[in-house]
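The values are calculated or read from the model by the stated rules, or taken from the named source; none is laboratory data. Worth saying up front: this structure is predicted, and the values here are computed from it rather than measured. Note that we place each Cβ from the backbone using ideal geometry, even for glycine, and neighbour counts take in every protein chain shown. Heavy atoms of the whole protein, side chains included, go into the accessibility calculation; ligands, DNA and RNA do not. Shrake-Rupley method; radii C 1.70, N 1.55, O 1.52, S 1.80 Å.
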Amino acid sequence: MKKVILLCLSMISAFAQSYAGKVPLVSQNQGVYDGTSRLNSPELLHNIMLYQNWGGLFVNLQIHWFRTLFFGITVGVLVVFFLHYIVIGPKKFAHDGKAIYVYNLFKRIIHWMAALAFVIVIPTGFMMIFGKELGGGTLVLDARYLHSIGTVLFIVSVIPMFLMWLIPMLATFDDVKWLFMAGGYLTKKKVVVPAGQFNAGQKMWFWLATLGGFVMIITGAAMYFEDFDLAILKSLNLDQIDILRISAIVHNFLGMAVTALFVTHLYMSLFAIKGSLDSMISGNKSEDEVKYMHSSFYKKLKKEDKI
Amino acid sequence: MSSFARMKFYCDEKRCIDCDGCSVACDEAHELPVGISRRKVILLNEGIEGKEFSTSVACMHCTDAPCEQVCPVNCFYIREDGIVLHDKNICIGCGYCLYACPFGAPQFPTDGAFGTRGVMDKCTMCAGGPEPTNSDAERKLYGQNRIAEGKVPACAAMCSTKALIVGDAQSVSKIYRERVASVGHGVQSAPYGWSKAYGK
């Protein structure tokens, strides 16, 4: 197990460094080397000797990549959905037919708690990433504090959310078919989409928000508490500071994925499928919408005589 | 000081006696709160005969300071003489400078509500900050500004064996070269005899 983790870490490091490159430090160890000098001892400042492993990588990613990627991904996703809305347009379903009760009150409360957490955490995260543009200071410092407070709300909501949707979110064969037809979003026609209670897109978002969310909580907590000592670090040849560096790297990349799918989730619920927001407010989905967008679920309900 | 002078610290590990005087002098001079240590004395190769030595570490005021490059709010600035300083009114205490630093120099107070982390604090080479020189605001946020008064930083000023030297890189290197030339360099296996200490 230890070796696997070690192998994974070194592979990630090597892969990332081949892309990001190493940070050239202006001066190497310029101490006089006369064969007896203790300054050149390999034991010297362990931390400095291992700096290139994660320190150099973090510095390079933070200087050249994180801000650019966050900006590119956010703008890219927004542009794609804007074009989708213009070219293909939203899906409209009849809302005057029968309603199917899909989300009970508990599920809706948990959903909106997590939603509030995301609405706090994502903008404050962006305020920190683009702190230069905001001039730093109290505004961004308070955003950082709010980021931690939002996390508490997220921790409280993500655990019940993970448990309550764990079973229906498991992958099925429908998801493969859904992915091949891109969920039916690339056509103006009303097509029958293969999906159970949740489609593959919703499942991706669920797993990223829960499992990815747990990783975000752990890496965020590491950066929040900053000073901790774990026995396992020594065996992995990692310094305490390396955990902080790895946390920052992982937190940033996962943040990009979460942002992209969060914006997608907003677009789908608010714009792409007209009236789909109702199901999270009243708990009811229109029969027409379920029939097309969640065809397998509809068939199952029919079979069980629930409609 | 020439116009290309860069201020540097150097700790002669052969002279450092691990007395912790520099870090105490720093804490006292700048009235630092408990838990903030801008300068630390570390013992290396502990217990290994002939290899054990101690040295004093603080912000090394890097030429290509990685902290300055990773800061998400651009709170760092590098003076013309190479001293790396930061503006505490812009800093958000995110900790990125600490992750980027090879020396662990950035310090963070954790005295906010629920132990929240405040803005960063680090060695200023006794050169204060962006506030008006020797103003109350500067003293409160960054401690003394000894450089403006023409004084040597507190740590180097009090170093009893003059292991810790500070100044423009050329002068520091000159002092060190003279020391190596006069007493040699390398492992000190026996105490200085009369000849080494006083010449023939």
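First measure r as the distance between the Cβ atoms of A:Met256 and B:Glu49, then evaluate 1/(1 + (r/R0)^6) with R0 = 60 Å and state the FRET efficiency to the nearest 0.05. Before the final figure, lay out the partial values.
Values: r = 52 Å, r/R0 = 0.86.
That pair, A:Met256 with B:Glu49, gives E of 0.70.
Averaging over all projection directions, find the projected area of the Cα convex hull of chain B and quote it in nm² with one decimal place. Could you put the intermediate results ahead of the total?
Working: hull surface 53.1 nm².
Hull-based average projected area comes out at 13.3 nm².
Please list, by residue number, every one of the trypsin sites (Lys or Arg not before Pro) in segment A:182-213 that is coil in DSSP and has at most 15 other beta-carbon atoms within 10 Å.
On the way: sites: A:Lys188, A:Lys189, A:Lys190, A:Lys203; in loops: A:Lys188, A:Lys189, A:Lys190.
Within segment A:182-213, the qualifying trypsin sites (Lys or Arg not before Pro) (loop, at most 15 other Cβ atoms within 10 Å) are A:Lys188, A:Lys189, A:Lys190.
Order the following by accessible area, largest value first: A:Met204, A:Met113. Probe radius 1.4 Å; ligands, DNA and RNA are ignored. Walk me through the numbers on the way to the answer.
Values: A:Met204 100, A:Met113 55 Å².
Accessible-area ranking of A:Met204, A:Met113, largest first: A:Met204, A:Met113.
Which of the chymotrypsin sites (Phe, Trp or Tyr not before Pro) found in segment A:219-254 are loop residues per DSSP with 11 or fewer other Cβ atoms within 10 Å of their Cβ? Don't jump to the answer; show the numbers that get you there.
Values: sites: A:Tyr224, A:Phe225, A:Phe228, A:Phe253; in loops: A:Phe228.
Listed in order of number, the matching sites are A:Phe228.
Under unit Cβ charges (Lys, Arg +1; Asp, Glu -1), what dipole magnitude, rounded to 20 debye, does segment B:7-183 have relative to its Cα centre? Spell out each step's value before the answer.
Numbers: 19 positive and 23 negative charges, 56 e Å.
Dipole magnitude for segment B:7-183 comes out near 260 debye.
Run the quick spin-label model on B:Ala148 and A:Leu83: label points 7 Å from Cα toward the beta carbon, then report their separation in nm to one decimal.
So the two model labels end up 5.6 nm from each other.
What does the charge add up to near A:Gly196, with Lys and Arg as +1, Asp and Glu as -1, over the other residues with Cβ less than 11 Å from its Cβ?
Values: positive: A:Lys203, A:Lys299, A:Lys300; negative: A:Asp174, A:Asp175.
Computed value for this residue: +1.
In segment A:179-209, what chymotrypsin sites (Phe, Trp or Tyr not before Pro) fall in a loop by DSSP, with at most 13 other Cβ atoms inside 10 Å?
Working: sites: A:Phe180, A:Tyr185, A:Phe198, A:Trp205, A:Phe206, A:Trp207; in loops: A:Tyr185, A:Phe198.
Passing both the DSSP loop test and the Cβ count: no residue.
Please give, to one decimal in nm, the separation of the simple spin-label points placed at B:Thr133 and A:Thr74, each 7 Å out from Cα toward the Cβ.
4.1 nm
Peptide B:40-46: average number of partner chain Cβ atoms within 10 Å per residue?
So the per-residue partner count for this stretch is 2.
Measure nothing fancy, just the Cα-based angle from helix A:66-87's long axis to the longest principal axis of chain A, in degrees from 0 to 90, nearest 10.
Its long axis makes an angle of about 20 degrees.
How many percent of DSSP beta bridges within the protein assembly as shown run antiparallel, rounded to 5? Don't skip to the answer; put the middle values down first.
Values: 18 of 19 bridges.
Restricted to the protein assembly as shown, the bridges split so that about 95 percent are antiparallel.
Between helix A:240-267 and chain A, what is the angle of the helix's C-alpha long axis to the longest principal axis, kept within 0 to 90° and rounded to the nearest 10?
Taking Cα atoms only, the helix is inclined about 20 degrees.
Please arrange A:His294, A:His265, A:His95 by accessible surface area, largest first, computed with a 1.4 Å probe and ligands excluded.
A:His95, A:His265, A:His294
Give me, ordered by chain and number, the residues 5 or more places off B:Leu44 or on other chains with an amide H under 5 Å from its own placed amide H.
Under 5 Å from the amide H of B:Leu44 lie the amide H atoms of B:Phe53, B:Ser54, B:Thr55, each far enough along the sequence or on another chain.
Could you check which residue among B:Gln69, B:Gln107, B:Gln144 shows the biggest mean-square fluctuation in a GNM of chain B with a 10 Å Cα cutoff?
Of B:Gln69, B:Gln107, B:Gln144, the Gaussian network model singles out B:Gln69 as fluctuating most.
Around A:Ala114, under 13 Å between beta carbons, what's the net of Lys plus Arg minus Asp minus Glu among the other residues?
Computed value for this residue: +2.
Identify, among B:Ile175, B:Phe103, B:Ile36, the residue whose Cα sits farthest towards the positive end of the charge dipole of segment B:7-183, taking +1 on the Cβ of Lys and Arg and -1 on the Cβ of Asp and Glu, with the dipole about the Cα centre.
In segment B:7-183, that residue is B:Ile175.
Hey, can you find the accessible area per residue of segment B:7-183 for me, probe 1.4 Å, expressed in square angstrom? Working shown, then result.
Working: 7670 Å² over 177 residues.
It amounts to 43 Å² per residue over segment B:7-183.
I'd like the accessible area for B:Asp121: 1.4 Å probe, protein heavy atoms, all chains in place, Å² to the nearest 10.
Surface accessible to solvent at B:Asp121 totals approximately 10 Å².
Rg over Rh of chain A, using C-alpha atoms and the Kirkwood radius, what does it come to?
On the way: Rg = 24.1 Å, Rh = 22.6 Å.
With Rh from the inverse mean 1/r over Cα pairs, Rg/Rh is 1.07.
Say the cut-off is 32 Å between C-alpha atoms; which of B:Lys14/B:Lys151; A:Lys234/B:Lys151; A:Lys132/B:Lys151; A:Lys3/B:Lys14 go over it?
Values: B:Lys14/B:Lys151 25 Å; A:Lys234/B:Lys151 43 Å; A:Lys132/B:Lys151 34 Å; A:Lys3/B:Lys14 40 Å.
The pairs that break the limit, which is 32 Å between Cα atoms, are A:Lys234/B:Lys151; A:Lys132/B:Lys151; A:Lys3/B:Lys14.
Order of B:111-117, B:84-90, A:71-77, A:276-282 by packing, highest average Cβ count within 10 Å first?
Numbers: B:111-117: 12.1, B:84-90: 21.6, A:71-77: 13.7, A:276-282: 15.3.
Most protected by this proxy first, the peptides run B:84-90, A:276-282, A:71-77, B:111-117.
Need one value for B:87-99: mean number of C-beta atoms belonging to other chains within 10 Å of its residues' C-beta atoms.
Partner-chain Cβ atoms within 10 Å, mean over residues of B:87-99: 6.
Which whole number gives the average count of other chain Cβ atoms within 10 Å of the Cβ atoms across peptide B:68-81? Spell out each step's value before the answer.
Numbers: counts 0, 6, 8, 4, 13, 12, 5, 4, 0, 0, 0, 0, 0, 0.
Other-chain Cβ atoms within 10 Å of each residue's Cβ, averaged: 4.
Take the eigenvalues of the Cα gyration tensor for segment B:32-125, scale each by 5, and report the square roots as semi-axes in whole Å, largest first. Let's see the in-between values first.
Numbers: eigenvalues 134, 66, 24 Å².
Here the semi-axes work out to 26, 18, 11 Å.
To the nearest 20 debye, what charge dipole does the protein assembly as shown have about its Cα centre, counting +1 at the Cβ of each Lys and Arg and -1 at the Cβ of each Asp and Glu?
Working: 49 positive and 41 negative charges, 362 e Å.
Roughly 1740 debye, rounded to the nearest 20.
Show that you can apply the helix-only estimate: for the protein assembly as shown, add -39,500 (n - 2.57) for every DSSP H stretch of four or more residues, divide by all residues, and state [θ] at 222 nm to the nearest 500. Don't skip to the answer; put the middle values down first.
Values: 22 runs with 239 residues, N = 507.
For the protein assembly as shown, the value works out to -14000 deg cm²/dmol.
Just to be sure I follow: if Rg is taken over the C-alpha atoms of segment A:160-303 and Rh is the Kirkwood radius over the same atoms, what is Rg/Rh?
Values: Rg = 19.6 Å, Rh = 17.7 Å.
Taking Rg over the Kirkwood Rh, I get 1.11.
In degrees between 0 and 90, to the nearest 10, how far off the longest principal axis of chain B does helix B:169-183 point, with axes built from Cα atoms?
With rounding to tens, the tilt is 20 degrees.
Whole-Hz ³J(HN,Hα) for each residue in segment B:18-35, computed from phi via Karplus 6.51 cos²θ - 1.76 cosθ + 1.60 with θ = phi - 60°, x for glycine and proline: what do you get?
6, 8, 6, x, 5, 5, 5, 4, 5, 4, 6, 4, 9, 6, 6, x, 4, x
Roughly to the nearest percent, how much of the accessible area of the protein assembly as shown is carbon and sulfur, given a 1.4 Å probe?
Values: 17140 of 26290 Å².
So the carbon and sulfur contribution to the accessible surface is 65 percent.
What is the spin-label model distance, in nm, from A:Ile307 to A:Tyr101 if the labels are put 7 Å beyond Cα along the C-beta direction?
1.8 nm
Run the paramagnetic zone check for A:Val192: 7 angstrom along Cα to Cβ, then residues of segment A:283-302 with backbone nitrogen under 18 Å.
A:287-302
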